Amino acid sequence: MSDLYLTITVFRDERVLARTLAERIASAVAERPRQVLGLATGRTPVRLYHELGTLHARGSADFSRITTFNLDEFWGIPPSAPGSYRAFMEEHLFRRAGIQADQVNFLNGAAPDADAECDRYDNAIAAAGGIDLQLLGIGTNGHIGFNEPGRELASRTHRVVLKESTRRSNAGLFGGDVSRVPKEALSMGMGSILRARRIVLIATGKSKAKCVERLVSGPVTPKLPASFLQLHGAVEILLDGAAAQSVNS
Ligand code: PGA
């Protein structure tokens, strides 16, 4: 399915989606081993990351020369904290897929100065030649990374105050205790994200149906940060049937 601005593919279920995307990523990396991948956390990409780990374990994929950048990180906790996004990525992808620390770029939530850390990150992305393929999830409120709906959006990597709903949906990383979820984070901005050469957004489950429909059919508005993806030109949206249920085919 394709409209003028976005390519949409609906898969039978999230397992097939994850397996298909993992194979595509592995073959893109086989063709060009020094790819720069932009990565996301959240429940949605976990299955994909495990599939990438399986391909690596079978010897069917080699990720040893890629470079990675993650979208965001909590502010105020070190990378080694069990609830950090860095720890999440170690558990679900890096360890499984043989991706070493020197291949990984991450915002540091314990850096001495948030603004300097954000500038460092944007400069590191530029120095790596930009992001070839950016993976994204989407929040039910249409957020991308920690770019939350509002009256305006930041373009560059920046510090954000998290919404209560976002803190609640991250409580699982902190033993289910929302009071332990940091109140702030650092996030790539929409401009940093839209500079990626290709973008693949994954959404699964019926809780995502509404925001996917607004992303695909609605106006471009900071009230739905994901709607800015309509401006990019090389965005693929991969859905399961439940997330696609409100999208007109
Ligand atoms: P989820 O989060 O994958 O856990 O649904 C996506 C997001 O908030 O970006």
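Annotations
- Residues within segment 151-169 that are part of a loop (DSSP other than H, G, I, E, B) and among the hydrophobic types (A, V, I, L, M, F, W, C), tallied: 3
- The condition (being surrounded by 15 or more Cβ atoms within 10 Å (Cβ to Cβ) and at pLDDT 95 or above) is satisfied by just one residue among 187, 207, 179: 187.
- Verdict on residue 58 being of a type in the set (Lys, Arg) and buried (at least 21 other Cβ atoms within 10 Å of the Cβ): no
- Residue tally, condition assigned to a helix (DSSP H, G or I) and out of contact with any strand residue (DSSP E or B) (no Cβ under 7 Å at 6 or more places or on another chain), over segment 212-223: 2
- Close pairs (7 angstrom Cβ cut-off, 6 or more residues apart or separate chains): under 16 Å from residue 73 (Cα atoms) in segment 154-169, among the β-branched types (Val, Ile, Thr) and surrounded by 18 or more Cβ atoms within 10 Å (Cβ to Cβ) anywhere: 167/181
- Scanning segment 135-162 for residues that are at pLDDT 95 or above, of a type in the set (Val, Ile, Thr) and closer than 22 Å to residue 213 by Cβ yields 138, 144.
- Condition check for residue 94: part of a helix (DSSP H, G or I) and either modelled with pLDDT under 95 or crowded, with 21+ Cβ neighbours inside 10 Å (or both): yes
- Failed item in (1) more than 16 Å from the ligand (Cβ to nearest atom); (2) at positive phi, with residue 105 passing the rest: (2)
Yes/no matrix, rows are residues, columns are (1) part of a helix (DSSP H, G or I); (2) more than 16 Å from the ligand (Cβ to nearest atom); (3) among the hydrophobic types (A, V, I, L, M, F, W, C); (4) under 16 Å from the mean Cα position of the chain (by Cα):
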{"residue": "47", "(1), (2), (3), (4)": "yes, no, no, yes"}
{"residue": "62", "(1), (2), (3), (4)": "no, yes, no, no"}
{"residue": "68", "(1), (2), (3), (4)": "no, yes, no, yes"}
{"residue": "86", "(1), (2), (3), (4)": "yes, yes, no, yes"}
{"residue": "109", "(1), (2), (3), (4)": "no, yes, no, no"}
{"residue": "149", "(1), (2), (3), (4)": "no, no, no, no"}
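- No other residue among 135, 173 is among the hydrophobic types (A, V, I, L, M, F, W, C), surrounded by 15 or more Cβ atoms within 10 Å (Cβ to Cβ), in a strand (DSSP E or B) and within 16 Å of the ligand (Cβ to nearest atom) apart from 135.
The values are calculated or read from the model by the stated rules, or taken from the named source; none is laboratory data. This one's a predicted model, so the numbers in the text were calculated from it and none came from an experiment. No Cβ is skipped: glycine too gets one built from the backbone with ideal geometry, and neighbour counts run over all protein chains shown.
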